[in-house]
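Peer 1: Would you mind keeping the following structure in view while I ask a few things?
A short reminder: the numbers here are calculations on the coordinates, not readings from a lab. Every value quoted in this text rests on a predicted model; they were computed, and no experiment measured them. In this analysis, Cβ positions are derived from the backbone assuming ideal geometry, glycine residues included, and neighbour counts consider all displayed protein chains.
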Amino acid sequence: MTTIFGIPLAAFLGQLLIGLINGSFYAMLSLGLAVIFGLLRVINFAHGAQYMLGAFVALLLLQYLGVDYWLALIIAPLVVGLFGALIERTMLSRLYDLDPLYGLLFTFGLALAIEGTFRYLYGAAGQPYSVPPALAGGTNLGFMFLPNYRGWVVAVSLVTCLGTWLLIEKTRLGAYLRAATENTVLVQAFGINVPLLLTFTYGLGAALAAFAGVLAAPIYQVSPLMGTNLIIVVFAVVVVGGMGSILGAVVTGYMLGLAEGLTKVFYPEASNIVVFVIMAVVLLVRPAGLFGKDA
Amino acid sequence: MGALLQVANLHAWYGESHVLHGVDMTVGEGETITILGRNGVGKTTTLRTIMGIIRERKGEIRFGGRDMLPVPLHRTAHAGIGFVPEERGIFASLTVEENLLLPPVVAGGGMPLEEIYDLFPNLLERRTSQGTKLSGGEQQMLAMARILRTGVRLLILDEPTEGLAPVIVQRIGEVLQKLKARGMTVLLVEQNFRFASKIADRFYLMDHGRMVADFPVAELPDRMTMLHKVLGV
Amino acid sequence: MADLTATPTEAKSIARLEWLLVAIGIVGLLAAPFFLYPIFLMQIMCFALFACAFNLLLGYTGLLSFGHAAFFGGAAYFCAHAVKVWGWPPEAGILLGTAGAAVLGLVMGFFAIRRQGIYFAMITLALAQMFFFFCVQAPFTRGEDGIQGVPRGFLFGLIDLSRPLGIYYVVLGIFLIGVFAIWRIVNSPFGMILRSIRENENRAISLGYSIANYKLAAFVMSAALAGLAGATKAIVFQFATLTDVTWQMSGEVILMTLLGGIGTMVGPMVGAAFIVTLQNTLATSGFPVTIATGVIFMACVLLFRRGIVGEIYARLLGGSKS
């Protein structure tokens, strides 16, 4: 059997794959955070809760309405996105003129309320969500065995990140977003409904998180706690990457996922803190973040 | 030719600071009006208050007969008013063409894209460059061009020639003459009165947050001494 | 957060008012254990000190730390371990907890100071989470069970802390010392510089102050005092658990301060009293505390940013400020 650094190749690649998958989620979630922060200047602490909501909507759709995974991939982001848009319209938008820390505190409270509600209704234990039949099983790649669903997750996350990037960089709507990020007043003076744009952006971010949640459901269990522990790691990812660019957020997400996977191979006890350690190092060496534009 | 823009007893505040003290002004359809005055008297503030960027305001602003005070900022352009700010406002994260296409078309009668590129060939040439890579003069052209596409009836310009070379200033003058010929109404703030005197129909002189004089361009030579005194030029 | 401060003349009236409140408060606290459960009062005092320590950083220096639970819970663990496993007397345990929290504050602060505003908050959150994972895995914390059965012992070998009144007055003493220390810091020249950093950091820099050092010093002091609260809590409740180092605990102290009034001395105490009472009430009713906390958070941020005490001061001083 082939080994690499003394570890069986299959096991090594297996851990790297897990790292890549975690990285996919880090990338999608930091993408959502970066999109929201870029325009609204709000750190959406509720992002993890919105991710959790996505997974739960998929679960509940299946349990009560028999709606399968594929429809859930569309419905859950829509539902959670609309919910997010509603929150933005009615409450979050009142905080834009204030110190940005209030936005963080508000979304923190929102996260607590959402998580608390689901914890109360469903307990802290996770519930399983089965892999959709079309993606069950695995493929033998020769050097390792790739579970089909895992491969699907990585592929979809890449497509989602690319798609979001295209939306922002190459479309008219994206031009509105980019311009509004630079100068909201002038963009409104041109006749563009920036308040609506802000609502849309927050809804989009929430929908992205929910989409990631549906993707996550068959891999990690569906639990009310799945969001908040994840979001703190994503914050560290965002500090490492810097909030300057969408691309930066995505690349950093994948990189840190892989770093975590590698650590799991060689030094498993440190695997859940390696992202934070990297964050500490980056803070010493390059405080603005690897791709950061602002100090 | 009725008054397209009617401003009466306009007051405005920046927070606690009372900056406009009862501005009165009319702009007839098709006219080109210039506001003169020293720095800090409220010229830019007047433009921004009319546009609706400054919301702490009282008084009367009527555009085409319509009361503009309750209109939210993002609906003002749709009423037919276009704004070119002093700092030009070219977006760094957009290409030249994206900048050009950004303001939505609010009415018919705007210049089609091909005509804009004919008028401003540099913009065609540089259309995929990043917006802020253009020179100051080119950015000013872009800032004006993007409004021309939208079909607004009143064009508000804040110090369009500031900091630009004479050759560009001349170009801007030509563009404004062309617009005037097409019936565009223009309201501008300008320090350079040689430039202004070539295109304006009427002048307002502003001091301490209100208008202190208004006269047609024909009377400009007679008013020069007074202007020298007030403007300290 | 600079919109919540008072002008110098207002600050003087507020100070006078606060002296009065302090006098009433001390008298009240001296008499209280005869009317209310001492454990309940001690819980409030520990969290009130925690919140006041936190407010030193937020209200007076303008830095939002999202990881203060690390200091509170960390000190609780250090103290509990020293007292239970090494057999140290309670005063030594509390001192160790405080010192440990200070060291933790120095390390965390060193990294967090390198960014400002939102990033500072996110870094403190991440670092505290790192500490949480360390606590989950480190053998000395006993994982999910926590350190239980911490003996109360005899303070200085003299005062029997197993008697409710005995420990109550000791905790009251610690609380008053802690609050007094904060008050002295806030009203010293050092405290003035902290406030200037909160108001306008660039201006402070241009005046020649190396603000990174001041921020770090404030961070360490805040951490130490939070540690004092945590270590005391470990002795009072006789255990230290993972709950004390979670991000939810960090969030709770922020809420106490926000609800009570950022930037006032008394505010965090009022907020702590309110939240502790709320938690104890809800614990018996079965209504989940997290939901209540979350909703109160949102309501405070939207409608009630000055907090209870902040609102009262604003009304007493006449007219409303922005």
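Peer 1: If you plug each phi of region B:184-190 into the Karplus form 6.51 cos²θ - 1.76 cosθ + 1.60 with θ = phi - 60°, what whole-Hz ³J(HN,Hα) values come out, in order, with x for Gly and Pro?
Peer 2: Using θ = phi - 60°, the values come out as 6, 8, 10, 10, 10, 9, 8 Hz.
Peer 1: Okay, next question. For a quick size check, give me the Cα extents of region C:170-251 along its three principal axes, largest first, whole Å.
Peer 2: Principal extents (largest minus smallest coordinate, Cα): 49, 28, 17 Å.
Peer 1: Can you give me the pair-distance distribution of chain B, C-alpha pairs, 10 Å bins, whole percents?
Peer 2: Binned Cα distances yield the sequence 8, 33, 37, 19, 3.
Peer 1: What average number of partner chain Cβ atoms lie no more than 10 Å from the Cβ of the residues making up A:231-241?
Peer 2: On the way: counts 2, 10, 2, 2, 9, 7, 1, 4, 8, 1, 0.
The per-residue average across the peptide is 4.
Peer 1: Skipping prolines and chain starts, which residues have an amide H placed within reach, meaning under 5 Å, of the one on B:Asp207, given they are 5 or more residues away or on another chain?
Peer 2: B:Val212
Peer 1: Another question, then. For region C:162-177, take each phi angle, set θ = phi - 60°, evaluate the Karplus expression 6.51 cos²θ - 1.76 cosθ + 1.60, and give the result in whole Hz per residue in order, putting x for glycine and proline.
Peer 2: Residue by residue, region C:162-177 yields 7, 8, x, 5, x, 5, 4, 5, 5, 5, 4, x, 4, 4, 5, 4 Hz.
Peer 1: Just flag the chymotrypsin sites (Phe, Trp or Tyr not before Pro) in region C:76-142 sitting in loop per DSSP whose Cβ has no more than 15 other Cβ atoms within 10 Å.
Peer 2: Values: sites: C:Tyr77, C:Phe78, C:Trp86, C:Phe110, C:Phe111, C:Tyr119, C:Phe120, C:Phe131, C:Phe132, C:Phe133, C:Phe134, C:Phe140; in loops: C:Trp86.
When the chymotrypsin sites (Phe, Trp or Tyr not before Pro) of region C:76-142 are filtered for loop state and at most 15 Cβ neighbours within 10 Å, C:Trp86 remain.
Peer 1: Please get the size of the charge dipole for the protein assembly as shown, origin at its Cα centre, with Cβ charges of +1 on Lys and Arg and -1 on Asp and Glu, quoted in debye to the nearest 20.
Peer 2: Working: 55 positive and 48 negative charges, 103 e Å.
With Lys and Arg at +1 and Asp and Glu at -1, about 500 debye.
Peer 1: Where in region B:62-101 does the label zone of B:Ser129 land, with the point 7 angstrom along Cα→C-beta and an amide N cut-off under 15 Å?
Peer 2: B:90-100
Peer 1: Considering the dipole of region A:162-295 built from charges on the beta carbon (Lys and Arg +1, Asp and Glu -1) around the Cα centre, which of A:Ala179, A:Thr164, A:Pro287 is farthest to its positive end?
Peer 2: A:Ala179
Peer 1: Taking amide hydrogens as modeled 1.01 Å from N in the peptide plane, which residues meet the under 5 Å criterion relative to B:Gly80, leaving out close sequence neighbours?
Peer 2: none
Peer 1: Of all DSSP beta bridges in the protein assembly as shown, what percent run antiparallel (nearest 5)? Write out the running numbers ahead of the final one.
Peer 2: Details: 33 of 50 bridges.
Of those bridges, close to 65 percent are antiparallel.
Peer 1: Just need log10 I(q)/I(0) for region A:233-295 at q = 0.25 Å⁻¹, Debye formula, equal scatterers on the alpha-carbon atoms, no solvent, rounded to two decimals.
Peer 2: Debye output, listed in q order: -0.97.
Peer 1: Work out from phi, with θ = phi - 60° and the Karplus expression 6.51 cos²θ - 1.76 cosθ + 1.60, the ³J(HN,Hα) of each residue of region C:105-119, listed in order in whole Hz, and give x for Gly and Pro.
Peer 2: Going residue by residue, I get x, 4, 5, 5, x, 3, 7, 5, 4, 5, 10, 10, x, 4, 5 Hz, with x marking Gly and Pro.
Peer 1: Can I ask one more? Of B:Lys133/B:Lys178; A:Lys264/C:Lys233; B:Lys58/B:Lys178; A:Lys264/C:Lys84; B:Lys43/B:Lys178; B:Lys43/B:Lys198, which sit over 31 Å apart, Cα to Cα? Present the calculation step by step, with values, prior to reporting the outcome.
Peer 2: Values: B:Lys133/B:Lys178 27 Å; A:Lys264/C:Lys233 36 Å; B:Lys58/B:Lys178 35 Å; A:Lys264/C:Lys84 34 Å; B:Lys43/B:Lys178 25 Å; B:Lys43/B:Lys198 20 Å.
From the list (B:Lys133/B:Lys178; A:Lys264/C:Lys233; B:Lys58/B:Lys178; A:Lys264/C:Lys84; B:Lys43/B:Lys178; B:Lys43/B:Lys198), the Cα-Cα distance tops 31 Å for A:Lys264/C:Lys233; B:Lys58/B:Lys178; A:Lys264/C:Lys84.
Peer 1: How high is the relative contact order of chain B, given as a whole-number percent (alpha carbon pairs under 8 Å, six or more residues apart)?
Peer 2: Details: 433 pairs, mean separation 64.8, N = 233.
Here the relative contact order equals 28 percent.
Peer 1: Right, here's the next one. Note down the nm distance, to one decimal, between modelled labels 7 Å out along Cα→Cβ at C:Phe40 and at B:Val167.
Peer 2: Result: 8.5 nm between the two label points.
Peer 1: Under a Cβ-only charge scheme (Lys and Arg +1, Asp and Glu -1), can you give me the dipole magnitude of chain A about the Cα centre, in debye to the nearest 20? Could you put the intermediate results ahead of the total?
Peer 2: On the way: 11 positive and 10 negative charges, 48 e Å.
Around 220 debye, computed over chain A.
Peer 1: Among A:Phe108, C:Ile113, C:Pro189, whose Cα projects farthest towards the positive end of the dipole of the protein assembly as shown, with charges put on the beta-carbon of Lys, Arg (+1) and Asp, Glu (-1)?
Peer 2: The one lying farthest along the dipole's positive direction is C:Pro189.
Peer 1: Modelled label-to-label distance, C:Ser285 and C:Ala138, 7 Å Cα→beta-carbon offset: nm?
Peer 2: 3.8
Peer 1: Same structure again: Suppose R0 equals 41 Å; then what is the FRET efficiency for B:Arg55 and C:Leu106 from their Cβ-Cβ distance, rounded to the nearest 0.05?
Peer 2: Details: r = 47 Å, r/R0 = 1.16.
Here the calculated transfer efficiency is 0.30.
Peer 1: Moving on. Counting Lys and Arg as +1 and Asp and Glu as -1, each charge on the Cβ, what is the dipole of chain B about the Cα centre in debye, to the nearest 20? Don't jump to the answer; show the numbers that get you there.
Peer 2: Values: 26 positive and 26 negative charges, 31 e Å.
For chain B, the charge dipole is close to 140 debye.
Peer 1: Report the FRET efficiency, 1/(1 + (r/R0)^6), for A:Val285 and A:Met144, where r is their Cβ-Cβ distance and R0 is 30 Å, rounded to 0.05.
Peer 2: Values: r = 34 Å, r/R0 = 1.14.
After rounding to 0.05, the efficiency reads 0.30.
Peer 1: Sorted from largest to smallest, which semi-axis lengths in Å does the alpha carbon gyration tensor of region B:26-142 give for its equivalent ellipsoid, taking the root of 5 times each eigenvalue? Before the final figure, lay out the partial values.
Peer 2: Details: eigenvalues 160, 61, 41 Å².
Gyration-tensor ellipsoid for region B:26-142: 28, 17, 14 Å.
Peer 1: Using only DSSP helix segments of four residues or longer, with each worth -39500 (n - 2.57), what per-residue ellipticity at 222 nm results for chain A after dividing by its residue count and rounding to 500? Display every interim value, and only then the final one.
Peer 2: Values: 11 runs with 208 residues, N = 295.
The per-residue figure over chain A is -24000 deg cm²/dmol.
Peer 1: Which residue fluctuates most in the GNM of chain B (Cα springs below 10 Å): B:Gly136, B:Gly28, B:Gly65?
Peer 2: Evaluated over chain B, the most mobile residue of the options is B:Gly65.
Peer 1: Consider all pairwise Cα distances in region C:2-316 and report the whole-number % of them above 33 Å.
Peer 2: Working: 10069 of 49455 pairs.
Tail fraction, whole percent: 20.
Peer 1: Need one value for A:272-284: mean number of C-beta atoms belonging to other chains within 10 Å of its residues' C-beta atoms.
Peer 2: Numbers: counts 7, 9, 1, 3, 10, 1, 0, 6, 10, 1, 2, 10, 3.
Rounded to a whole number, the mean comes out at 5.
Peer 1: For A:Leu158 and A:Ala125, calculate 0.36 nm times their separation in residues minus their Cα-Cα distance, and state this gained length in nm to one decimal. Don't skip to the answer; put the middle values down first.
Peer 2: Working: separation 33, 0.36 × 33 = 11.88 nm, distance 3.00 nm.
In short, 8.9 nm is gained.
Peer 1: Another question, then. Rounded to the nearest 0.05, what FRET efficiency is calculated for A:Ile7 and B:Gln191 with R0 set to 60 Å and r the Cβ-Cβ distance?
Peer 2: Details: r = 74 Å, r/R0 = 1.23.
Step by step, r from the Cβ atoms, then E = 0.25.
Peer 1: Give me the tail of P(r) for chain A as a percent: Cα-Cα pairs with distance above 31 Å.
Peer 2: Beyond 31 Å sits 29 percent of the P(r) for chain A.
Peer 1: Which value in deg cm²/dmol, rounded to the nearest 500, describes the helix-derived mean residue ellipticity at 222 nm for chain C, given -39,500 (n - 2.57) per DSSP H run of n ≥ 4 and division by the residue count? Provide the component values of the computation, followed by the final result.
Peer 2: Details: 13 runs with 230 residues, N = 322.
Helix contribution divided over all residues of chain C: -24000 deg cm²/dmol.
Peer 1: For a quick check: with amide H placed at 1.01 Å from N, whose amide H comes under 5 Å from B:Met111's, ignoring anything fewer than 5 positions away on the same chain?
Peer 2: Close amide H contacts, sequence-distant or interchain: B:Arg149, B:Thr150, B:Gly151.
Peer 1: Considering only C:Ile174, C:Ile291, C:Ile193, give the residue with the highest GNM mean-square fluctuation for chain C, with springs between Cα atoms whenever their separation is below 10 Å.
Peer 2: Of the options given, C:Ile291 has the highest mean-square fluctuation.
Peer 1: Contact order normalised by length for chain A, with contacts defined as Cα pairs under 8 Å and 6 or more residues apart; what percent is it?
Peer 2: That works out to 36 percent.
Peer 1: Continuing with this model, one more query. Once label points are set 7 Å from the Cα along Cα→Cβ at both C:Trp19 and C:Asn187, what is their separation, rounded to one decimal in nm?
Peer 2: For the pair C:Trp19/C:Asn187, the computed spacing is 0.8 nm.
Peer 1: Over all distinct alpha-carbon pairs, what is the Kirkwood Rh of region A:70-159 in angstrom? Mind dumping the intermediate values first?
Peer 2: Details: mean 1/r = 0.0591 Å⁻¹.
The answer is 16.9 Å.
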